[in-house]
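Have a look at the structure below, then the notes.
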2 protein chains.
Amino acid sequence: MFALTILGNNSAIPAFDRNPTAQVLQTMEESFLIDCGEGTQMQLAKYKIKRSRINHIFISHLHGDHYFGLIGLLTSMSLLNRTQDLHLHAPPELEQVINLQLDLADTHLSYTLHFHPLTEETVIVQNNKILIECFRVQHRIDCWGFLFRERRNLRRVNAERARIYEIPAAFYEKLQQGFDYANKKGSIVPNEEVTIPGPRPRSYAYCADTIYDERIAEKVKDVDLLYHEATYLKDLHERAAARYHSTTIQAAEIAKKAGARKLLIGHFSSKYEKLDDFLTEASAVFENTELALQGSCYMI
Amino acid sequence: MFALTILGNNSAIPAFDRNPTAQVLQTMEESFLIDCGEGTQMQLAKYKIKRSRINHIFISHLHGDHYFGLIGLLTSMSLLNRTQDLHLHAPPELEQVINLQLDLADTHLSYTLHFHPLTEETVIVQNNKILIECFRVQHRIDCWGFLFRERRNLRRVNAERARIYEIPAAFYEKLQQGFDYANKKGSIVPNEEVTIPGPRPRSYAYCADTIYDERIAEKVKDVDLLYHEATYLKDLHERAAARYHSTTIQAAEIAKKAGARKLLIGHFSSKYEKLDDFLTEASAVFENTELALQGSCYMI
């Protein structure tokens with residue numbers, strides 16, 4: 001599983017039942033929370049996403065519609081007696097906000113919160129399952145995008161051929177990892193005889209609030225799913241630029257230049273009740289576009 | 001109109017679609033927001049309560065379930081280009097939290113925010129329509145209750161009698177204010193001839209998170225509607241005391257000792273899905289009790 005669920009897709013002010021930004025990337029192993037606008041903890045409950053699977057939270061920047069729900073989520077996790085560590089990747093100044101609010105409430109979290117300040121474009125999470133990098137986008141204040149890339153090079157076992165060689169099922173995991181099999185008689189079955197290459201690793205890039213910036217396309221090159229903000233329709237490109245936001249067309253241009261497989265647009269301005277035109281405009285430039293709809297889950 | 005709408009009635013963690021604490025007291029002139037848990041701005045929209053009628057916000061204490069929605073509301077008001085002044089009555093330390101969050105977002109509010117720190121039991125708002133006082137309640141950290149008292153001494157015009165004396169309708173407002181009427185012939189119609197005393201001023205007391213404390217009954221003596229927290233059912237009185245909260249019975253005892261006309265209980269613990277027992281237990285001690293239900297409006 002490598003699937004993205006949208007918890008909030010609106011910009012600035014909640015409107016038309018659209019919540020401020022929050023997303024969850026769910027993998028087989030865990031869930032990654034990306035931005036955390038007000039009401040995120042209620043949205044997690046509504047869409048039945050387990051808080052206990054979240055070990056990492058990523059905050060793109062310190063505009064409220066991207067983080068005002070964080071302190072509520074952190075304290076609720078504590079009230080529910082969470083014990084497992086939590087890692088927070090965010091602009092450095094957020095630590096002060098959190099500590100101040102905890103101090104004033106005389107609250108001590110039940111778990112260890114590791115604060116990882118975002119200061120340079122680098123790998124921020126790395127294990128044998130996933131690699132996560134942060135990269136700069138261009139907004140009114142410091143703002144970050146996040147690139148998630150699966151790390152899997154497991155091969156697929158051809159069970160029919162494995163049976164011919166009398167390889168026990170207990171050894172399949174080793175086969176997936178590329179090991180050859182030595183049978184009882186001492187002869188070797190080469191791994192390639194009984195496996196084929198596994199699927200290519202999947203990837204997801206989240207481009208939070210940003211003005212149109214072609215450098216982003218380089219940073220998210222060949223990504224499977226690209227989320228790019230599209231706060232305004234194309235006619236408001238001047239307003240978009242003035243406010244360090246993007247239009248439908250600009251998001252689609254980045255997807256095209258990046259060679260993304262699919263584009264997801266969101267962070268819609270509260271001035272728009274209907275979103276149809278967002279899809280029409282972006283699709284005209286980059287066909288495989290979808291709207292980031294609240295409660296929808298996008299398989300990658 | 002003197003009516004209370006419940007926007008959130010749960011304690012600590014949102015649960016069972018119950019939001020953290022927030023209430024609005026609506027009068028003919030304006031609306032008063034009391035506490036502002038996460039999601040309050042969405043609840044205001046849901047229940048069609050105009051943000052523009054809110055000139056005063058009261059925060060009882062700095063536990064998150066009573067104020068984490070404030071910064072979102074304040075910034076949304078600014079994004080909507082509010083110009084009228086806003087008055088915030090809250091524990092002194094809240095100012096630092098707000099200013100820090102505004103600074104980090106590089107946000108300047110479009111309106112003037114007047115911060116009124118709560119430091120002693122006193123009158124905090126006073127005009128010809130209403131008088132609002134704060135009083136201490138006993139919680140784990142500094143915590144305040146609020147008492148709202150109407151100031152109206154308008155008399156009621158007996159229209160039938162006023163017609164007999166040929167008093168024009170344009171003069172009725174003066175009659176309500178207690179003026180006598182001088183007719184064209186120069187004779188005086190005494191005010192008491194054509195009016196009766198108006199209804200007595202109404203009052204509402206909000207007792208936020210507090211341990212059972214009989215002194216509160218004195219502070220809210222004879223109030224029309226008393227909101228008192230009842231986080232737990234009566235069997236958990238030890239847990240209630242340990243956490244500086246109250247039970248159903250204790251809330252009802254305060255209402256009885258205060259001689260309140262009606263009691264509203266809320267701030268229910270997330271451990272309870274159903275609330276029926278809350279009503280049963282409290283009503284046994286103080287009959288005129290109601291549950292504070294989200295979205296319900298209680299006329300005073």
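A few notes on this one:
- In nm, spacing of pseudo-spin labels at B:LEU279 and A:ARG140 (7 Å Cα→C-beta vector): 4.7 nm
- Each other copy holds its own label point for B:GLU93; taking that point as 7 Å from Cα along Cα to Cβ, the gaps run 2.2 nm, nearest first.
- Annotation: amide H of B:VAL189 within the under-5 Å range of B:TYR181, B:ALA182, B:ASN183, sequence separation 5 or more or interchain, hydrogens built in the peptide plane.
- Pseudo-label separations to other copies for B:TYR172 - Cα-to-Cβ vector, 7 Å, nm: 8.6
- When you filter the GluC sites (Glu not before Pro) in the range A:204-293 for DSSP loop state and at most 14 other Cβ atoms inside 10 Å of their Cβ, you are left with A:GLU214, A:GLU273, A:GLU287.
- Percent RCO, i.e. relative contact order, over the range B:154-256, from Cα pairs under 8 Å lying at least 6 residues apart: 22 percent
- Residue of chain A nearest the A-to-B rotation axis [by Cβ], rounded angstrom distance: A:GLY39, 2
- Cβ neighbours within 10 Å from other chains - mean over A:264-272: 0
- Shape annotation for the range A:156-196: C-alpha extents along the principal axes are 25, 17, 17 Å, from largest to smallest.
- Residue-wise HN-Hα couplings along the range B:189-204, as the Karplus relation 6.51 cos²θ - 1.76 cosθ + 1.60 with θ = phi - 60° gives them from phi, are 9, x, 3, 5, 5, 10, 9, 10, x, x, x, 5, x, 8, 9, 9 Hz; Gly and Pro carry x.
- Copy-to-copy label separations for B:SER187, where each label sits 7 Å from Cα toward Cβ, in nm and ascending: 13.3
- Qualifying chymotrypsin sites (Phe, Trp or Tyr not before Pro) for the range A:115-223 [loop in DSSP, other Cβ within 10 Å: at most 15]: A:TYR165, A:PHE179
- Counting only other chain Cβ atoms within 10 Å of each residue's Cβ, the peptide A:140-146 averages 1.
- Quarter of Cα convex hull surface for chain B, i.e. mean projection, nm²: 18.0 nm²
- Karplus-derived HN-Hα couplings along the range B:148-163 (A = 6.51, B = -1.76, C = 1.60, θ = phi - 60°), whole Hz, x at Gly and Pro: 10, 10, 4, 10, 9, 10, 5, 8, 9, 7, 8, 4, 5, 5, 5, 5
- DSSP bridge analysis restricted to the protein assembly as shown gives an antiparallel fraction near 55%, rounded to the nearest 5.
- Fewest-first ranking of B:ARG202, A:ARG215, A:ARG261, using other Cβ atoms within 10 Å as the exposure measure: A:ARG215, A:ARG261, B:ARG202
- Taking 7 Å steps out from each Cα toward its Cβ at A:GLU218 and B:GLU121 produces label points 6.8 nm apart.
- Length-normalised contact order of chain A in % [C-alpha pairs under 8 Å, at least 6 apart]: 17 percent
- Among B:ILE71, B:GLN41, A:THR210 the positive-end extreme of the charge dipole of the protein assembly as shown (Cβ point charges): B:GLN41
- Mean residue ellipticity at 222 nm, helices only, chain A: -6500 deg cm²/dmol; runs of at least 4 DSSP H residues each add -39,500 (n - 2.57), and the sum is divided by the number of residues.
- Amide H contacts for A:HIS56 (H built 1.01 Å from N in the peptide plane; partners 5 or more residues away or on another chain; cut-off under 5 Å): A:LEU33, A:HIS87.
Any read-out appearing in this document is the output of simple, stated calculations on the displayed coordinates, not a laboratory observation. Model, not experiment: these values are computed from the prediction. All Cβ positions, even for glycine, are placed from backbone atoms using ideal geometry, and neighbour counts span all protein chains on display.
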